[in-house]
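Undergrad: Here it is, the structure in full.
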Amino acid sequence: MKLLETFRIRAAAAVRRRKARYGLGEKPARLEIRLDGFDAPGPVTAEALRVDQWQDRIVEAIQWIGPVPLRITAAADHAFLPDLVRFGHRLEMPVTVRTNPEPLSVERAEELVDRGMATCEVVTTLDGAGEAAIRALVHARHSRAATLTVVVHFPVTAATAAGARAVFDKARGLGADGVVLAAPWRGFAVNAAAKEGIAEALAQGWPLQRTAAEARAVLGSLAEGGPGVRRTSGQCALGGLRLALGPDGAASVCPFHVGHHSGPLVDAPSALAAHRAAVRSCDRRCGHPELV
């Protein structure tokens, strides 16, 4: 029964994503919470919420948009992470954890699987620590007989892009289920080696290439000026896609367009609707890891 409910939630979220991209969505299709400053574009200055406050915030989101897939971004050793994974899982929300590799031991991986983590995205270039983290997750999947999805979240930069193809090969050997090529927060000069590395990685295709179509477009346009330059056509595909809560619990739909609403989310639809409209009308290319 729980598996059927999970499928229902994911199917409803897929419909919402499609509507959002055509400007028809009324509610976000995904909830994302950021517990700390890990993988963030800038420092976190606001006071972070307590675990009970986070639980209240998640309930408020469900009261507004219903059960949707939940992504929790935090360092692997964050004290609240296991409790919030369990909380989301008990509320029938498919839970994804995006985290860093260094503290992700076998014991931590097994704990998160036991709490209900369905997918883990490890932000890594698959160096020593990254390889150990993927091995820990694959071990936890087998030891717990779980249906855990393990994804390498590969940050594309001028230094890493040339080696993207090698990361795919290594990820396959380690037993990962996919690699996401994450567009950079800011643009960089794409030399011939970097451009070739991105093209080779994108050509790998399914099952290891899980990068969303929007991020593929961003990666393909880096040579044309990179994130921040004006687009000649099209709208932002992010507007209305997800509701993101920062470490202080404030809500937003895009980290580049600050339109935070810190009050109860059940009272936020009109404020966030205006915010989504502003994001949709943005005419800049967006190098945006949140698209994937």
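The values are calculated or read from the model by the stated rules, or taken from the named source; none is laboratory data. Predicted model, so just to flag it, every value in this text is computed and none were measured. Note that we place each Cβ from the backbone using ideal geometry, even for glycine, and neighbour counts take in every protein chain shown.
Undergrad: Looking at 83, 114, 77 in this structure, which one is surrounded by fewer than 21 Cβ atoms within 10 Å (Cβ to Cβ) and not in a helix (DSSP H, G or I)?
TA: Only one candidate qualifies: 77.
Undergrad: Go through (1) at pLDDT below 95; (2) of a type in the set (Gly, Ala, Ser); (3) closer than 30 Å to residue 65 by Cα one by one and return the number of the condition residue 88 breaks.
TA: (1)
Undergrad: Okay, next question. Which condition breaks for residue 175 when tested against (1) touching a residue at least 24 places away in the same chain (Cβ under 8 Å); (2) more than 17 Å from residue 210 (Cβ to Cβ); (3) of a type outside the set (A, V, I, L, M)?
TA: Result: residue 175 passes all but (2).
Undergrad: Further question: Quick one: residue 119 ticks every box in (1) crowded, with 17+ Cβ neighbours inside 10 Å; (2) β-branched (Val, Ile, Thr); (3) at pLDDT below 95 bar one, so which box is it?
TA: The one condition residue 119 does not meet is (3).
Undergrad: Continuing with the same structure: Can you tell me which residues in the range 95-116 are in contact with a Ser or Thr (Cβ under 7 Å, 6 or more places away or on another chain) and either modelled with pLDDT under 95 or over 19 Å from residue 62 (Cβ atoms) (or both)?
TA: Result: 98, 101, 110.
Undergrad: So which residues in the range 142-165 are farther than 18 Å from residue 81 by Cβ and surrounded by fewer than 22 Cβ atoms within 10 Å (Cβ to Cβ)?
TA: Of everything in the range 142-165, those that are farther than 18 Å from residue 81 by Cβ and surrounded by fewer than 22 Cβ atoms within 10 Å (Cβ to Cβ) turn out to be 142, 143, 145, 147, 155, 157, 158, 159, 160, 162, 163, 165.
Undergrad: Sticking with this one: Only one of (1) part of a helix (DSSP H, G or I); (2) of a type in the set (Gly, Ala, Ser); (3) surrounded by fewer than 19 Cβ atoms within 10 Å (Cβ to Cβ) is not met by residue 171, so which one is it?
TA: For residue 171, the failing item is (3).
Undergrad: Being within 13 Å of residue 201 (Cβ to Cβ) and not hydrophobic (A, V, I, L, M, F, W, C) is the filter here, so list the residues in the range 112-152 that pass it.
TA: 125
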